[in-house]
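Quick notes on the structure that follows.
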Amino acid sequence: MKWIITLLFICTCSKDSIKITEMATYYVATNGNNSNSGTIASPWKSWFYGISRLSAGDTLYIRAGTYTEMQGSGGGNLSGVYISSKSGTSGSHITVSAYPGDSRPILDCSALSSIAGYHRGILMSNSNYWDFYGLIIKNVREYTASPTSYTGSGWEIQSGANINIEYCNLTYCMNGFTLTGLIINLNYINCDAYENWDTYQSGDLCNGFNGNVYNNSTVNYIGCRAWKNCDDGFDNMAGGGRLTYINCWAFNNKPWHGGDSSGNGDGFKLGYSNKGYEAGVQRVLYNCIAAYNGLMGFDESADASCNMAMAMYNCVSYNNADYYSIRFDSTYNSGVITLRNNISLGSSSLYAVRGTAIHDHNSWNGGVSASAADFESVAMSQLSGARKADGSLPDITAFHLAAGSDLIHAGSSTGIYATDGAYNAWATPNPSMGAYEFGGTAPVVIPVTAVTVTGAGGATTITTDNGTLQMYAHIDPHDATDKTVVWSVTNGTGSASISATGLLTAITDGTVIVKATSNG
């Protein structure tokens with residue numbers, strides 16, 4: 001089905017008019033100046049200044065390069081960027097993005113070197129309706145051993161709602177992506193957190209993704225990776241809320257930097273809650289991989305008071321070093337646990353699953369004989385490969401089932417995610433065990449359900465002779481298979497032209513109808 005959405009845009013394009021309608025699309029570049037106007041020809045200099053100028057519906061493009069200018073004091077501590085009580089709206093998010101076609105910009109926070117306070121690359125507090133794309137943050141360090149509560153987080157969110165962080169990286173920070181407070185509808189999409197370590201606390205508290213969110217929070221991790229962090233890959237210990245992990249990889253997390261020794265090295269630490277418990281499943285994982293970690297692959301966290309319901313489908317735990325590869329043990333968790341179509345290999349004790357758990361069609365109880373030979377490859381190097389141009393996970397053969405494996409079509413379709421770890425359809429009626437369907441069946445086509453057309457910054461008018469207005473088409477759902485559109489203009493009382501990329505150019509005064517036709 002093709003969707004055609006039409007909006008009426010008014011062009012008041014007079015040769016006598018010199019007024020320019022504010023487009024609310026701004027730019028930051030390494031050769032800019034914060035005294036400039038923020039246009040592409042006259043960009044601002046720093047991330048924090050550009051972001052401070054944004055309102056609902058605005059877009060800030062950050063050009064390629066390394067940025068070192070810090071905002072400094074923010075919220076009583078030190079930050080590269082501090083966003084406090086600044087929000088877009090449901091129909092007009094605030095967008096901060098790498099400039100299309102440029103390499104991704106880097107915020108180097110080495111200048112946050114004071115021994116006082118917390119250090120954060122980006123700190124967000126009580127802010128809603130934001131979209132971030134293509135940003136890299138590094139070198140958020142800690143600079144004192146006392147008090148030990150002082151930490152460095154690459155990107156911390158302290159309460160907020162309806163935030164999308166896509167294709168963003170954190171590296172050489174203490175904690176990576178960090179959450180606290182009530183976080184509603186936060187989506188991490190295709191983000192990486194790697195080689196994060198701390199200086200004074202010997203590896204503890206240094207996670208790729210870390211979050212102790214409050215009850216009623218909802219956080220989704222989609223296509224994210226965490227590796228070579230000195231503590232855990234994904235650590236949500238002591239947090240409440242509902243967390244979902246889809247197609248995420250955690251590998252080679254363990255104390256590794258210098259004298260660091262006290263970090264744990266779990267791949268996914270799912271956590272008990274000290275915030276209280278909620279009805280229903282609070283932790284669910286689909287098609288995730290945990291490999292070569294220093295402790296456990298998947299761990300519900302050792303706390304005898306835990307009664308959090310959790311579920312795990314089509315995940316792989318391979319060659320994680322200590323204790324259990326998968327642990328959902330009755331000693332520590334009295335909540336309802338569901339494990340299905342999972343593979344656990346390569347540790348001395350492969351799993352600890354309480355007797356009353358719902359666990360079937362797994363490598364340990366699915367009537368199969370599992371070994372490393374069941375996989376095409378188990379090479380860890382494949383997992384850290386470069387992402388595709390659109391930010392999606394790299395194509396790999398690691399942990400795909402090899403021909404002849406008895407794990408092929410040995411799973412159950414009950415409760416599984418709609419697609420496998422490469423967004424291919426599962427075989428029916430019996431999918432394979434593990435994160436990938438054998439042979440990769442026909443890709444699932446996720447259709448476009450809605451297209452919303454807007455002008456840059458919400459503008460609907462052009463007020464200069466032969467002026468232009470950048471049009472945008474927002475596609476729902478975000479994971480639609482084909483998000484391309486074809487732009488066209490139907491002339492009304494006026495006339496205009498539009499480029500293949502959605503740049504509308506006024507020709508004569510009057511009104512026109514702009515159309516975006518989805519190909520998906």
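General remarks:
- Extreme residue, farthest from the chain's Cα centre (by Cα), among residues of region 181-207 that are farther than 17 Å from Glu142 by Cβ and not aliphatic (A, V, I, L, M): Gly181
- Condition met for Asp108 (over 16 Å from the mean Cα position of the chain (by Cα) and among the acidic types (Asp, Glu)): yes
Condition check ((1) surrounded by fewer than 22 Cβ atoms within 10 Å (Cβ to Cβ); (2) in contact with a Cys (Cβ under 9 Å, 6 or more places away or on another chain); (3) of a type in the set (Lys, Arg)) across all residues:
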position: Ser79; (1), (2), (3): no, yes, no
position: Ser85; (1), (2), (3): yes, no, no
position: Gly91; (1), (2), (3): yes, no, no
position: Pro100; (1), (2), (3): yes, no, no
position: Cys109; (1), (2), (3): no, yes, no
position: His119; (1), (2), (3): no, yes, no
position: Asn126; (1), (2), (3): yes, no, no
position: Leu135; (1), (2), (3): no, yes, no
position: Lys138; (1), (2), (3): yes, yes, yes
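- Failed criterion for Leu170 (all others in (1) crowded, with 24+ Cβ neighbours inside 10 Å; (2) over 16 Å from Asp266 (Cβ atoms); (3) over 14 Å from the mean Cα position of the chain (by Cα) hold): (3)
- Among the residues making up region 323-345, a single one is charged (D, E, K, R) and either in contact with a helix residue (DSSP H, G or I) (Cβ under 6 Å, 6 or more places away or on another chain) or modelled with pLDDT of 95 or more (or both): Arg340.
- If you go through region 283-294 and keep only what is among the aliphatic types (A, V, I, L, M) and surrounded by fewer than 24 Cβ atoms within 10 Å (Cβ to Cβ), you end up with just Val284.
- Hits in region 200-210 - residues which are outside any loop (DSSP other than H, G, I, E, B) and modelled with pLDDT of 95 or more: Phe209
- Test: residue in region 23-35 that is buried (at least 18 other Cβ atoms within 10 Å of the Cβ), hydrophobic (A, V, I, L, M, F, W, C) and closer than 24 Å to Gln158 by Cα: no
- Counted as qualifying within region 24-104 are the strands (runs of 3 or more DSSP E) with 1 or more residues that are among the β-branched types (Val, Ile, Thr) and either without any contact (Cβ under 8 Å) to a residue 12 or more places away in the chain or within 25 Å of Asn126 (Cβ to Cβ) (or both), namely 25-28, 59-62, 77-84, 94-98.
- Count of residues meeting criterion [within 30 Å of Tyr133 (Cβ to Cβ) and assigned to a loop (DSSP other than H, G, I, E, B)] in region 380-412: 15
- When residues of region 472-520 are limited to those that are in contact with a Gly (Cβ under 9 Å, 6 or more places away or on another chain), buried (at least 16 other Cβ atoms within 10 Å of the Cβ) and in a loop (DSSP other than H, G, I, E, B), the one modelled with the lowest pLDDT: Ala480
- Meets criteria (crowded, with 19+ Cβ neighbours inside 10 Å and modelled with pLDDT under 95) for Asn196: yes
- Count - residues of region 266-282 that are at pLDDT 90 or above and either part of a loop (DSSP other than H, G, I, E, B) or surrounded by 24 or more Cβ atoms within 10 Å (Cβ to Cβ) (or both): 6
- Count of region 380-435 residues which are out of contact with any Gly (no Cβ under 7 Å at 6 or more places or on another chain), among the polar types (S, T, N, Q) and either within 24 Å of Thr481 (Cα to Cα) or in contact (Cβ under 8 Å) with a residue 60 or more places away in the chain (or both): 7
- Any hit, region 178-192, residues being farther than 22 Å from Lys86 by Cβ, surrounded by fewer than 24 Cβ atoms within 10 Å (Cβ to Cβ) and modelled with pLDDT under 95: no
- Residue match in region 448-468 (condition: closer than 30 Å to Ile337 by Cβ and part of a loop (DSSP other than H, G, I, E, B)): no
- Output for region 90-130, where each listed residue is out of contact with any strand residue (DSSP E or B) (no Cβ under 7 Å at 6 or more places or on another chain) and either within 18 Å of Ser55 (Cα to Cα) or hydroxyl-bearing (Ser, Thr, Tyr) (or both): Gly91, Ser92, Ser103, Ser110, Ser113
- Of all the criteria given as (1) in contact with an Asp or Glu (Cβ under 6 Å, 6 or more places away or on another chain); (2) at pLDDT 95 or above, the one not satisfied by Ala352 is (2).
- Leu469 in contact with a helix residue (DSSP H, G or I) (Cβ under 7 Å, 6 or more places away or on another chain) and modelled with pLDDT under 95: yes
- Count of region 222-240 residues which are farther than 18 Å from Gly181 by Cβ and of a type outside the set (Asp, Glu): 11
- Subset of region 414-429 (residues that are over 20 Å from the mean Cα position of the chain (by Cα), in a loop (DSSP other than H, G, I, E, B) and surrounded by 15 or more Cβ atoms within 10 Å (Cβ to Cβ)): Gly415, Ile416, Trp426, Ala427
- Residue match in region 463-470 (condition: charged (D, E, K, R) and under 19 Å from the mean Cα position of the chain (by Cα)): no
- Only listed residue being surrounded by fewer than 21 Cβ atoms within 10 Å (Cβ to Cβ), at pLDDT 80 or above and of a type in the set (D, E, K, R), chosen from Asp303, Asp360, Asp299: Asp360
The values are calculated or read from the model by the stated rules, or taken from the named source; none is laboratory data. Keep in mind that what you see is a predicted model, and the values were worked out from it rather than measured. Reconstructed Cβ throughout: ideal geometry from the backbone, glycine too, with neighbour counts over all protein chains shown.
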